[in-house]
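Chemist: I am attaching a structure below and will ask some questions about it afterwards.
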Amino acid sequence: MDALSGILLLCLAVGVYVVCSLYLLHNPLILHKRKRLEFYCRHISHRGGKIWREDRKHDGSFYTVSFCFALCVCLLFFLVFFTLSVCYCDDDSAVSVGTEMLEMDCHLTSDGYVVISHDSNLLRQTGYDKTVSSLRFQDLPLYKERLEVTFYAGHYSTGKDRKFVLLEDVFKNFPNMPMILEVKENNDLLIRKVSGLVKQYHRESITVWASEESGVMAKCNKQNPSMPYMFTMRRGALLLLLFYTGLLPFVPLGESLLFFYLPTIINRTYIPEEAILKKRFVVYLLQKLTMRKSLFEHLTKRGLQVQLFVCNEESDMKAAFDVGATGVMTDYPTVLTNYINKHPPPPPPPVY
């Protein structure tokens, strides 16, 4: 009888836990105060992220004029170019077509300048086997004239101005534009320099710390705790564990944004270097485990923003918004702008 009573009590406790967890998953503000960010971005330009010469066909052919570039020329904007993994980017172009946030990667030159570059080693981007940290800013080589878009295999981009750009110049040109700054190396001086520029231009509330490494993120948060920050890889794995065990509704979250791949682009528009991601079953499992609408809705209700990347085709943009993403990162801001205009997403949740 005692054993049966114990089993019944255990079942009752589990039942109460499951009911409470499910209820709080859908009503998280009972336990948590909603985060209040000063931005809500649906349209994010990847890698500073604007391709000014877009491939309008999907056959990998190269076109010399795009809407973004033509618009910039017509308006006589000063072209500011960044690296998009292995391509160049024009912020004026992206901003002019309606992007709401810029995503960029930061490195430090040998003479202490913070520059925008996806890679630490410049071989892929410039043809020179040198690191950013080994060169002075004035000695950085030019980007290659033609570079393949990493997240759109077989498609290329080019531009006339192929110089690297300073983070400070970006802040000067776009003082009110929300930005994601990914610190690409575990470098205390780089973190201090980035934080100093953010403070100098009074943009702590609209600039996001980003890093895949938890150790780097801890240093970033210690250096400037006023800036919102994203989930690292380790924290993202913990987030999934909490979600599937039902503990997530009970746990406070310091992060303000979740960035993740849209798994359906893997081995289609994005060809990964990691052998494990080339396995179809692994990608399928990743899709099933991570693309959970109930998870994204829970985070959104708590005031977090969920951004999926890198979506360069309308079908991927649709898939991202359908699964509950609040924003989409793209290498082709004109395509995303056109998609949003044709398929307006729901308005942001009210702030209580």
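The values are calculated or read from the model by the stated rules, or taken from the named source; none is laboratory data. Fair warning: this is a prediction, and the values are worked out from it, not measured in the lab. Heads up, the Cβs are rebuilt from the backbone with ideal geometry, glycines too, and the neighbour counts pull from every protein chain shown. Areas reflect the complete protein model, heavy atoms only, side chains present, ligands, DNA and RNA absent. Shrake-Rupley method; radii C 1.70, N 1.55, O 1.52, S 1.80 Å.
Chemist: Which of (1) touching a Gly at 6+ places or on another chain (Cβ under 9 Å); (2) among the basic types (Lys, Arg); (3) buried (at least 17 other Cβ atoms within 10 Å of the Cβ) is the odd one out, the single condition Arg292 does not satisfy?
Modeler: Every listed condition holds for Arg292 apart from (3).
Chemist: When the residues of region 301-352 are narrowed to those that are among the charged types (D, E, K, R) and open to solvent by 30 Å² or more (accessible area, probe 1.4 Å), which ends up nearest to Phe151 (Cα to Cα)?
Modeler: Of everything passing the filter in region 301-352, Glu313 is nearest to Phe151 (Cα to Cα).
Chemist: Okay, next question. Can you confirm whether Thr131 is more than 23 Å from Asp331 (Cα to Cα) and open to solvent by less than 20 Å² (accessible area, probe 1.4 Å)?
Modeler: For Thr131, the condition - more than 23 Å from Asp331 (Cα to Cα) and open to solvent by less than 20 Å² (accessible area, probe 1.4 Å) - is not met.
Chemist: Would a scan of region 191-198 turn up a residue that is surrounded by 17 or more Cβ atoms within 10 Å (Cβ to Cβ), touching a strand residue (DSSP E or B) at 6+ places or on another chain (Cβ under 7 Å) and among the basic types (Lys, Arg)?
Modeler: Checking region 191-198: at least one residue is surrounded by 17 or more Cβ atoms within 10 Å (Cβ to Cβ), touching a strand residue (DSSP E or B) at 6+ places or on another chain (Cβ under 7 Å) and among the basic types (Lys, Arg).
Chemist: Mind checking whether some residue in region 303-310 is among the aliphatic types (A, V, I, L, M) and either out of contact with any helix residue (DSSP H, G or I) (no Cβ under 8 Å at 6 or more places or on another chain) or farther than 25 Å from Leu248 by Cα (or both)?
Modeler: yes
Chemist: Here's another thing I want to ask about it. Scan region 135-180 for residues that are open to solvent by 20 Å² or more (accessible area, probe 1.4 Å), part of a helix (DSSP H, G or I) and more than 22 Å from Thr330 (Cβ to Cβ) and report the count.
Modeler: 6
Chemist: Sticking with this structure for a sec: Find the residue count for region 258-286, including only residues that are closer than 21 Å to Asn312 by Cα, outside any loop (DSSP other than H, G, I, E, B) and open to solvent by less than 80 Å² (accessible area, probe 1.4 Å).
Modeler: 12
Chemist: Quick one: is Met317 touching an Asp or Glu at 6+ places or on another chain (Cβ under 9 Å) and modelled with pLDDT of 95 or more?
Modeler: So Met317 fails the test.
Results for (1) crowded, with 22+ Cβ neighbours inside 10 Å; (2) touching a residue at least 40 places away in the same chain (Cβ under 8 Å); (3) closer than 21 Å to Pro333 by Cα, shown as yes or no for each residue.
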| position | (1), (2), (3) |
| --- | --- |
| Val95 | no, yes, yes |
| Leu102 | yes, yes, yes |
| Leu122 | yes, no, no |
| Gln125 | yes, yes, no |
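Chemist: Condition test on Tyr244, is it open to solvent by 70 Å² or more (accessible area, probe 1.4 Å) and in contact with a helix residue (DSSP H, G or I) (Cβ under 9 Å, 6 or more places away or on another chain)?
Modeler: Yes: the conditions hold for Tyr244.
Chemist: Can I ask one more? Among the residues of region 201-220, count how many are over 20 Å from Met101 (Cβ atoms) and either within 18 Å of the chain's Cα centre (by Cα) or free of Cβ contacts under 8 Å to residues at least 12 places away in the same chain (or both).
Modeler: Total meeting the criteria: 4.
Yes or no, residue by residue, for (1) aromatic (Phe, Trp, Tyr); (2) modelled with pLDDT of 50 or more:
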| position | (1), (2) |
| --- | --- |
| Cys11 | no, yes |
| His32 | no, yes |
| Phe39 | yes, yes |
| His58 | no, no |
| Ser61 | no, no |
| Cys72 | no, no |
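Chemist: Exactly one condition in (1) open to solvent by 80 Å² or more (accessible area, probe 1.4 Å); (2) under 30 Å from Met329 (Cβ atoms); (3) assigned to a helix (DSSP H, G or I); (4) not acidic (Asp, Glu) is not met by Lys33; state its number.
Modeler: Checking Lys33 against (1) open to solvent by 80 Å² or more (accessible area, probe 1.4 Å); (2) under 30 Å from Met329 (Cβ atoms); (3) assigned to a helix (DSSP H, G or I); (4) not acidic (Asp, Glu), the one that fails is (3).
Chemist: Still on this model: Looking only at region 173-203, which residues are among the polar types (S, T, N, Q) and in contact with a Gly (Cβ under 8 Å, 6 or more places away or on another chain)?
Modeler: Passing the criteria: only Asn186.
Chemist: Something else about it: Just to be sure before I move on: is Ser294 touching a helix residue (DSSP H, G or I) at 6+ places or on another chain (Cβ under 7 Å) and more than 16 Å from Tyr152 (Cβ to Cβ) in the structure I sent?
Modeler: yes
Chemist: Taking the criterion of being more than 26 Å from Tyr332 (Cβ to Cβ) and of a type in the set (Asp, Glu), would at least one residue in region 270-278 satisfy it?
Modeler: No, that holds for no residue.
Chemist: Any residue in region 120-127 that is assigned to a loop (DSSP other than H, G, I, E, B), within 23 Å of the chain's Cα centre (by Cα) and not acidic (Asp, Glu)?
Modeler: Yes, region 120-127 contains at least one residue that is assigned to a loop (DSSP other than H, G, I, E, B), within 23 Å of the chain's Cα centre (by Cα) and not acidic (Asp, Glu).
Chemist: Here are some residues: Gly254, Gly236. Which one is within 14 Å of the chain's Cα centre (by Cα) and open to solvent by less than 60 Å² (accessible area, probe 1.4 Å)?
Modeler: Gly236
Chemist: When you look at Leu299, is it within 18 Å of the chain's Cα centre (by Cα) and either more than 30 Å from Val14 (Cβ to Cβ) or not in a loop (DSSP other than H, G, I, E, B) (or both), yes or no?
Modeler: Criteria met by Leu299.
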